[in-house]
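Report on the structure given below.
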């Protein structure tokens, strides 16, 4: 089976992919703490801040690196984690099996991601890390990130896991979603917003007329959320 086209630009795309067609930035395999697992890294290693990227269902670790560089330039090190499971379609990866009713492997997926993020925190405090996820990666970012002392969380086209509840003490959150998303309905981010606001968490929802992707018109605001001093 051939993988679906990858593009985070406006238009219908696969559930997992948000990649643009720009020339790829230099990247290398993660060489730090091996408890981080399979990952790619890019950008200045000596940077005092980090953006951690969680790709979507059916994509792979490299999928969001170009987006990360557009958002951060050289201000942050980028670390893109690879999801642990192969995608059932024969290409890409998944954080847990979406096709298995009730998502029985979600609890283990949570524990595994938390351990990887805590391992990253040993080389740079999580207080200096923004966690950005797309689609399934966004759901994982919110779920696991709500219990960690992160600098911020960006959920792009995400959704709440069953039973997930926001916490008043969690990091600031930015939600982005296309109102014409045919894969993860826009209402999913509206529900996330409702739950976060109910706990008086710091949250903002950015919408576009796009589909299942990240509208380029949202990038400036996303960049300011990640690095408020830019621009």
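The values are calculated or read from the model by the stated rules, or taken from the named source; none is laboratory data. Since the model is a prediction, treat every value here as computed from it, not as a measurement. Note that each Cβ is placed from the backbone with ideal geometry, even for glycine, and that neighbours are counted across all protein chains shown.
The residues of segment 208-231 that are closer than 15 Å to residue 134 by Cα and surrounded by fewer than 16 Cβ atoms within 10 Å (Cβ to Cβ), listed by number, are 216, 219.
Quick check: anything in segment 189-198 assigned to a loop (DSSP other than H, G, I, E, B) and surrounded by 20 or more Cβ atoms within 10 Å (Cβ to Cβ)? Looking through segment 189-198, none of the residues is assigned to a loop (DSSP other than H, G, I, E, B) and surrounded by 20 or more Cβ atoms within 10 Å (Cβ to Cβ).
Within segment 108-157, the set of residues being in contact with a strand residue (DSSP E or B) (Cβ under 6 Å, 6 or more places away or on another chain), in a loop (DSSP other than H, G, I, E, B), closer than 18 Å to residue 39 by Cβ and at pLDDT 95 or above comprises just one member, 150. Taking segment 97-107 as the region of interest, how many residues are part of a loop (DSSP other than H, G, I, E, B) and surrounded by 13 or more Cβ atoms within 10 Å (Cβ to Cβ)? Going through segment 97-107 one residue at a time, the tally reaches 4.
Just one of (1) without any contact (Cβ under 8 Å) to a residue 60 or more places away in the chain; (2) in contact with a helix residue (DSSP H, G or I) (Cβ under 8 Å, 6 or more places away or on another chain) fails for residue 226. It is (1). If I ask for residues that are within 23 Å of residue 230 (Cα to Cα) and part of a strand (DSSP E or B), which ones from segment 55-83 would you list? Once the filter is applied, which keeps residues that are within 23 Å of residue 230 (Cα to Cα) and part of a strand (DSSP E or B), segment 55-83 yields 77, 78, 79, 80. Under the condition of being surrounded by 22 or more Cβ atoms within 10 Å (Cβ to Cβ), in contact (Cβ under 8 Å) with a residue 24 or more places away in the chain and either within 11 Å of the chain's Cα centre (by Cα) or farther than 22 Å from residue 221 by Cβ (or both), the residues counted in segment 144-173 number 7. Across segment 84-96, the qualifying residues are those that are in a loop (DSSP other than H, G, I, E, B) and touching a residue at least 12 places away in the same chain (Cβ under 8 Å), and the one among them that is surrounded by the fewest Cβ atoms within 10 Å (Cβ to Cβ) is 90.
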